[in-house]
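The values are calculated or read from the model by the stated rules, or taken from the named source; none is laboratory data. All values derive from a computational prediction rather than experimental measurement. All Cβ positions, glycine included, derive from the backbone under ideal geometry; neighbour counts span all protein chains shown.
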Amino acid sequence: MTMAENKDEKVLNVPHLRFPEFSGEWKKVRLGDNCNIQMCKRIMAAQTNTDRGVPFFKIGTIGGKADAYISKELFDEYKAKYPFPHKGEVMITCAGTVGKCIIYNGKDSYYQDSNIVWIDNPNEIISNDFLYHLLCKVNWSHLNSTTIVRIYNDDLRNLKLYIPQHDEQKKITHLLSLINERIATQNKIIEDLKLLKSAISLNVLHSDTWEQFKIKDIAQIGRGRVISSIEISQQKSPTYPVYSSQTSNDGIMGYLDDYMFEGEYISWTTDGANAGTVFYRNGKFNCTNVCGLLKLIKGFDTHFVSLVLAEATKEYVSINLANPKLMNNTMGNIQIRLPKLEEQKRISIVFRVLQRLWTIHNSLLTEYIKQKQYLLSQMFI
């Protein structure tokens, strides 16, 4: 697919990246001159239930799974009497997480008035698909001179947009739809791998015939040291990861010039909301003081034990405290069942393969998302 860059020194109303068969400036339009802003009829709390009927979406559930429903009779009545979106029209949240956009799929569903609106678009000047991508690009947090916490109808009506002819709109949205399909496929693959791992875990990580061990009998128990963000910022050649209590980014909070530990270990979060979360570690690394460490004795596969332990720690976390904890003494008394070493290794291989597949597909997902973000930044004004 060939793209042409806009290298003209003049300031033109054209994007930086463009299909070569198109030329000419894009047209600047006011959204309210071409579209109407609509909302559903108000639904009262007493008219909803939590388990049956037509999904009723609010700002926190739109684009996901509804947690409230209305009767089919009420839905049919309101759909006939009051404004209701057409399939393909763009819906947008105006409160809470402002600016979240979806395209209405035409299925029976109802939406919270004023907090969720849709763009009643005749498709004469701008297609719904192109409008969706334009609205997704808007920096809603600074729509006006002040930080915005709500989008009002006039904010939408007065929104200035640049649009090309329909043929160019169609080609741009087709390209982005292909990337969206690829992203959706990657998400499905990753979700299927998670489900597969869970199913395998239920079948191969537990057996009453395996020998039972206390953690303190098969591992040395320790923890890291206090490592501040200031210390991390002062490193000259930060190379070795620092694992902390967080669970995002594999628990990494930064890097140091040197390392405290080397080899295979099991780490777990000792304090906070993620207390009890278990990780397998291998290599040269550092740990903070809210990160416990296990160094297994010979005769046990560290990776396999981490898998079994991850299933066991949840029930040992002290959740009655303001700050949940899983301290070293409690960890030491956790009992788990383990097979012979050779079986541990065989099962471990299966999970290592699954982890490698997950890593590969997650990396692909990240790249597709980056590609989409780049195109959105370069192919629109």
* Is it true that residue 92 is closer than 30 Å to residue 13 by Cα and among the β-branched types (Val, Ile, Thr)? -> yes
* Asked: Assuming residue 273 fulfils every condition listed in (1) over 16 Å from residue 309 (Cα atoms); (2) of a type in the set (A, V, I, L, M); (3) assigned to a strand (DSSP E or B) apart from one, which condition is it?
  -> (3)
* Hey, among 76, 33, 67, which residue is under 32 Å from the mean Cα position of the chain (by Cα) and of a type outside the set (Phe, Trp, Tyr)? -> 67
* Asked: Restricting attention to segment 236-258, does a residue exist that is assigned by TED's automatic domain parsing to the domain that holds residue 280, β-branched (Val, Ile, Thr) and assigned to a helix (DSSP H, G or I)?
  -> no
* All positions within segment 200-217 that are part of a helix (DSSP H, G or I), exposed (fewer than 13 other Cβ atoms within 10 Å of the Cβ) and modelled with pLDDT of 95 or more -> 217
